Amino acid sequence: MKEVYITAEERKKCQKVADAFAELYEIENILVMDAGGYGFVKLQYYSKQRGFENVFTFVDSKSLFDDLWQEWFDTKLILRARETPMQEMDYEEIFNCLSEQEKNELLDRKTEFAKAAEIELNITE
């Protein structure tokens, strides 16, 4: 008998999360796939010679959401810093250099992603 690592309910929730972050897959070298009873996998940094460098498995939608949110957020910061003096800074420094409006626009996207993925955020998030 084949072992199952994710419930049918979590699998549906993970699919909603993966779908919510579809734009991330267009701007970053990431692919999120349903791996059946094993959960969802995030494949990252593809090369023809070695395939994917990183493979992460998720069996709950909240962990998948948090991971994809962080990937999206970091990617947006890197893109904003590209070809500016900020490109040598770390993520926190880049974020601190943004205007309040830019910061709010980025952070508001988390709520939009959560709504699309039907994920409830804690007030502290």
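The values are calculated or read from the model by the stated rules, or taken from the named source; none is laboratory data. No experiment lies behind these values; they were computed from the predicted model shown. Note that each Cβ is placed from the backbone with ideal geometry, even for glycine, and that neighbours are counted across all protein chains shown. Note: accessible area is taken over every heavy atom of the protein model, side chains too, but ligands, DNA and RNA are not part of it. Shrake-Rupley method; radii C 1.70, N 1.55, O 1.52, S 1.80 Å.
Restricting region 31-58 to residues that are assigned to a loop (DSSP other than H, G, I, E, B) and within 25 Å of F73 (Cβ to Cβ), which is most open to solvent (accessible area, probe 1.4 Å)?
Selected residue: A35.
Within region 105-123, track down each residue that is under 19 Å from the mean Cα position of the chain (by Cα) and surrounded by fewer than 11 Cβ atoms within 10 Å (Cβ to Cβ).
The answer is D108, E112, E120, N122.
Of the numbered conditions (1) more than 24 Å from E9 (Cα to Cα); (2) open to solvent by 80 Å² or more (accessible area, probe 1.4 Å), E28 satisfies every one except a single condition; which is it?
(2)
In region 64-76, is there at least one residue being open to solvent by 80 Å² or more (accessible area, probe 1.4 Å) and of a type in the set (S, T, Y)?
no
Within region 85-99, can one find any residue that is assigned to a strand (DSSP E or B) and open to solvent by 60 Å² or more (accessible area, probe 1.4 Å)?
Checking region 85-99: not a single residue is assigned to a strand (DSSP E or B) and open to solvent by 60 Å² or more (accessible area, probe 1.4 Å).
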